[in-house]
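One structure is given here, and the rest of the page talks about it.
The values are calculated or read from the model by the stated rules, or taken from the named source; none is laboratory data. What you are looking at is a predicted structure, and each value in this text was computed from that prediction instead of being measured. As a convention, Cβ positions derive from the backbone with ideal geometry for all residues, glycine included, and neighbour counts pool all protein chains shown.
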Amino acid sequence: MLSKLITKISNRSNFYYFDTAMKDGRKTTVRYCLFTDDESEARTLASKIKAKVNLTLMQRIARKPASLALLIRNQRRSKEDADSFIKANKLFLDICEYKSLFQSAVAEFYNVTLYQEQSTPALETPSIIQKDTQKPKRHLSFEKIAKRYIQTECEKLKSSDKTKGYYVKTGKILDEFFKNKDMSELDYNSAENFQSHLLKTQKLHKKTVNNYISYSKRLFDYAIRINEVASNPFKTLTSFKITAEEKSPKDNFTMGELGLVFDTDRLDLRNYMMFALYTGLRLNEIWQLDGMSIDEREGVKFINVKTAKQKGGAVKYRQIPIH
């Protein structure tokens, strides 16, 4: 830990800013990249971000009804006093508001514009002309909705790159299947036809079809929130039940394949494979391990593994004992 506001993450060159915020009524740690490997620059930027956050919190207090004496004391507080006051009163920003303030402070620090596309104000047109020339609303494509979903919802949930890829692919498939239909015209029958097309025409496995339907439901729910559609045709669509016989079989190693692994002259590869087989770790879980992943409790050493499959943005760990 380098300071109260910045830190280094293994295998990352840049410094990271971290602090506490609120998410769904609970405290959580926010960690954002500062886009610099210079410690002095990182400290300066972190101080500016924290000052912006503290100012927002203090202004919020000032807007609440208070005595004149309290308002004067708040005005006279130094930076250190403000920090102490905020900590003592357990004041925290919402995680979404914190991210917005962070982005604003970083943009100011590096002198860049957050949003490159700036619309120019249109000339006012008399209302009678606007009524005659008004065109029907052009909806976003499903692929664009998926990419927007990734930039907002997936970032909040800390979704994996694999999950993000599924959303984009789902958007493309929806665009292809419904290319001759307006988005607002889609109904339950449309969703059911899409499901049947994936299973019978595309010859996809039922589990894969269920995944695409699940992603489609979420994209439509999001499209409702951004005013692209009024209803979700996939909302009540039933997924396929998959029997034990229909589930994909495990692709286990044969004795011959294991023999090739253990008889190799490359000891590093052999040891790597033996470690993976013993622990049952996924490939990306092994890549995340470092010296801090080994711990000991009550005389038993274990590997602390951050699980690859996280749900709802929660970070979960499991312990694998080392015998």
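Within segment 173-197, work out how many residues are of a type in the set (A, V, I, L, M) and either farther than 19 Å from GLU228 by Cβ or loosely packed, with under 13 Cβ neighbours inside 10 Å (or both).
Within segment 173-197, residues that are of a type in the set (A, V, I, L, M) and either farther than 19 Å from GLU228 by Cβ or loosely packed, with under 13 Cβ neighbours inside 10 Å (or both) number 0.
Are there helices (runs of 4 or more DSSP H) fully within segment 1-119 with at least 2 residues that are closer than 30 Å to ASP290 by Cα, modelled with pLDDT of 85 or more and not assigned by TED's automatic domain parsing to the domain that holds SER293? List them.
Hits in segment 1-119: 39-62, 95-109.
Considering segment 126-164 alone, what residues qualify as being closer than 21 Å to PHE177 by Cβ, outside any helix (DSSP H, G or I), of a type outside the set (Ser, Thr, Tyr) and modelled with pLDDT of 75 or more?
Once the filter is applied, which keeps residues that are closer than 21 Å to PHE177 by Cβ, outside any helix (DSSP H, G or I), of a type outside the set (Ser, Thr, Tyr) and modelled with pLDDT of 75 or more, segment 126-164 yields HIS139, LEU140.
What pairs can you find where one residue is in segment 265-281 and closer than 16 Å to ILE322 by Cβ, the other is small (Gly, Ala, Ser) and modelled with pLDDT of 90 or more, and their Cβ atoms are less than 6 Å apart, with a gap of 6+ or different chains?
Close Cβ pairs satisfying both conditions: none exist.
Modelled with pLDDT under 85 and not assigned by TED's automatic domain parsing to the domain that holds ARG12: which single residue out of GLU296, GLU285 fits that description?
Just a single option satisfies the conditions, and that option is GLU285.
Any idea which of THR163, THR170 is under 13 Å from PHE142 (Cβ atoms), surrounded by 13 or more Cβ atoms within 10 Å (Cβ to Cβ) and polar (S, T, N, Q)?
THR170
May I ask you to list pairs of residues, at least six apart or on different chains, whose Cβ atoms are under 8 Å apart, with the first in segment 198-209 being free of Cβ contacts under 8 Å to residues at least 60 places away in the same chain and surrounded by 13 or more Cβ atoms within 10 Å (Cβ to Cβ) and the second being aromatic (Phe, Trp, Tyr) and not in a loop (DSSP other than H, G, I, E, B)?
From segment 198-209, the pairs are LEU198/TYR212; LEU204/TYR212.
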